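Here's the structure, in structure tokens; my notes come after.
The values are calculated or read from the model by the stated rules, or taken from the named source; none is laboratory data. Quick caveat: nothing in here was measured; it's all calculated off a predicted structure. FYI the Cβ positions are ideal-geometry reconstructions off the backbone, even for glycines, and counts take in every protein chain you see. Only protein heavy atoms, including side chains, enter the accessible area calculation; ligands, DNA and RNA are left aside. Shrake-Rupley method; radii C 1.70, N 1.55, O 1.52, S 1.80 Å.
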Amino acid sequence: MGDLSWITARPVAHRGLHDAARGLIENALSAAEAAAVAGYPIELDIQISADGEAMVFHDFTLDRLTAAKGAISALSAAELGRIPLAGTADTIPTLAAFLARVGGRVPLFIEIKSAFSGDTRLARRAVDAIAGYGGEVALISFDPDMLAEAKARAPHIPRGIIAQARYDGAHWPGMTPERGRMLADMDHRAASGYDFISYRFADLTHPALVAARAQGLPVTAWTVRSPADAARALAGADQIVFEGFTPQA
């Protein structure tokens, strides 16, 4: 896999260096530009469009960040590309457009969103989109199946598993206790082949995470929202994924 020291070299801007008060919306090209200019690596989210394109957007639905309603997967890339983000001039970008804007200036951590349905088309599209990209890039996901697909198609691209200690409640419909424990313990490395871990900030004392870090796996902590929390996070992780403040790079 080569040198992965860049993964934890600098604090990572969660969904770009966004600030709605200044018109910089999460995952927008303007937030990406702000992070790149400031020298921060960028974590970004991708969802799949109706025509199979990778779109840079966090939610499964359009309602929170746009005036449109419904599932992002119900519209084509062209249709999504015409939807303004939170009343700004930014619209929902394709992953290809995001890559072109950043242009290798800072590392990218591309989170492949998943409904845990077994559909791994988005992982395949992500691999295709970053083929030939000259900058440092990693693929990350909560879903080990997405990482396994990426591993099969492009084993040279670094992969990171995103995890937390508990997988219950409304955010995880249909999650069985057994699978939740497997995900929390990250007990799938043989299949998913993850090279590093991004673990929930509040859960950094989870035994499986502590053991993995002791074995030398790089660990980032998400999502850190204050300097005080950054200091606490760095006691149990190698780097932070941040938003809402500007850490020392």
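Points to keep in mind about this one:
- Condition met for THR205 (free of Cβ contacts under 8 Å to residues at least 60 places away in the same chain, under 28 Å from PHE245 (Cα atoms) and surrounded by fewer than 21 Cβ atoms within 10 Å (Cβ to Cβ)): yes
- Some residue of the stretch 43-51 being free of Cβ contacts under 8 Å to residues at least 24 places away in the same chain and not aromatic (Phe, Trp, Tyr): no
- Extreme residue, most open to solvent (accessible area, probe 1.4 Å), among residues of the stretch 84-102 that are farther than 25 Å from MET146 by Cβ and part of a loop (DSSP other than H, G, I, E, B): ALA89
- ALA20, sole failed condition from (1) touching a residue at least 24 places away in the same chain (Cβ under 8 Å); (2) open to solvent by 60 Å² or more (accessible area, probe 1.4 Å); (3) on the phi > 0 side of the Ramachandran plot: (3)
- Count - residues of the stretch 103-118 that are assigned to a loop (DSSP other than H, G, I, E, B) and surrounded by 15 or more Cβ atoms within 10 Å (Cβ to Cβ): 6
- Answer from LEU44, LEU62, LEU75 - the residue that is more than 21 Å from PRO158 (Cβ to Cβ) and either open to solvent by less than 30 Å² (accessible area, probe 1.4 Å) or under 15 Å from the mean Cα position of the chain (by Cα) (or both): LEU62
- Complete set of residues in the stretch 52-90 that are free of Cβ contacts under 8 Å to residues at least 12 places away in the same chain and among the hydroxyl-bearing types (Ser, Thr, Tyr): THR61
- Pair list, Cβ under 9 Å, 6 or more apart: the stretch 101-123 residue within 15 Å of VAL137 (Cβ to Cβ), other residue among the aromatic types (Phe, Trp, Tyr): GLY104/TYR133; VAL106/TYR40; PRO107/TRP6; LEU108/PHE98; LEU108/TYR133; ILE110/PHE98; GLU111/PHE142; ILE112/PHE142
- Within the stretch 119-136, the set of residues being closer than 18 Å to ALA13 by Cβ and open to solvent by less than 70 Å² (accessible area, probe 1.4 Å) comprises just one member, GLY135.
- Against the numbered list (1) in a loop (DSSP other than H, G, I, E, B); (2) under 18 Å from GLY160 (Cβ atoms); (3) in contact with an Asp or Glu (Cβ under 9 Å, 6 or more places away or on another chain), VAL127 comes up short only at (1).
- Complete set of residues in the stretch 39-68 that are touching a helix residue (DSSP H, G or I) at 6+ places or on another chain (Cβ under 8 Å), within 16 Å of LEU99 (Cα to Cα) and in a loop (DSSP other than H, G, I, E, B): PRO41, GLU53, PHE57
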